[in-house]
Amino acid sequence: QVKLVESGGGLVQAGGSLRLSCAASGRTYARMGWFRQAPGKEREFVVAISWRGGSTDYSDSVKGRFTISSDNAKNTVYLQMNSLKVEDTAVYYCAVQTKGLGPSRALADYSSWGQGTQVTVSS
């Protein structure tokens, strides 16, 4: 079992930056992802990283603006978000990939969701 705790959300103006953290405790899994859910919309994939090797996968909507990184010693994954847009407003969740044979973007392949952290970008 793994427990994930997100932090770092907040209110920022468009064009600003925020850094989210996801601290993991308990069992470790090979891959961790960030998802987000805006009001009235489905939860969507943002980015994922492999603990070993650090391979990453970004959604097109955040590529070039967001950067995921990991600190294996701290069992923590970070999401640096730059050039934020109003449409980035959402609750951001981290989760571990527990299904699938390779890197996945599918919601159903992830579990142990954190409680989420609100990111609000104002115009």
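The values are calculated or read from the model by the stated rules, or taken from the named source; none is laboratory data. None of these values were measured; they are calculated from a predicted model. Positions of Cβ are generated from backbone atoms using ideal geometry, with glycine treated the same way; all protein chains shown enter the neighbour counts. These accessible areas exclude ligands, DNA and RNA; they are computed on the full protein's heavy atoms, side chains included. Shrake-Rupley method; radii C 1.70, N 1.55, O 1.52, S 1.80 Å.
The figure for SER59 is an accessible area of roughly 10 square angstrom, using a 1.4 Å probe on the protein chains alone. Computed over protein heavy atoms with a 1.4 Å probe, the accessible surface of the range 56-120 works out to 49 Å² per residue.
How much FRET efficiency would the formula 1/(1 + (r/R0)^6) give for LEU101 and SER69, where r is the Cβ-Cβ distance and R0 is 25 Å, rounded to 0.05? Spell out each step's value before the answer.
Numbers: r = 25 Å, r/R0 = 0.99.
Using R0 = 25 Å, I get an efficiency of 0.50.
Across the range 28-123, the mean sequence separation of Cα contacts (distance under 8 Å, 6 or more residues apart), normalised by length, yields a relative contact order of 29 percent. Share of carbon and sulfur in the accessible area of the chain stands at 48%, probe radius 1.4 Å.
Here the mean projected area of the convex hull built on the C-alpha positions of the range 52-123 is 5.7 nm². In the chain, the convex hull through the Cα atoms has an average projected area of 6.9 nm², a quarter of its surface area. From the alpha carbon centroid of the range 67-103 to that of the range 1-50 is 4 Å.
Taking only C-alpha pairs under 8 Å that are 6+ residues apart, what is the relative contact order of the range 47-102 in percent?
Working: 43 pairs, mean separation 12.6, N = 56.
For the range 47-102, the relative contact order is 23 percent.
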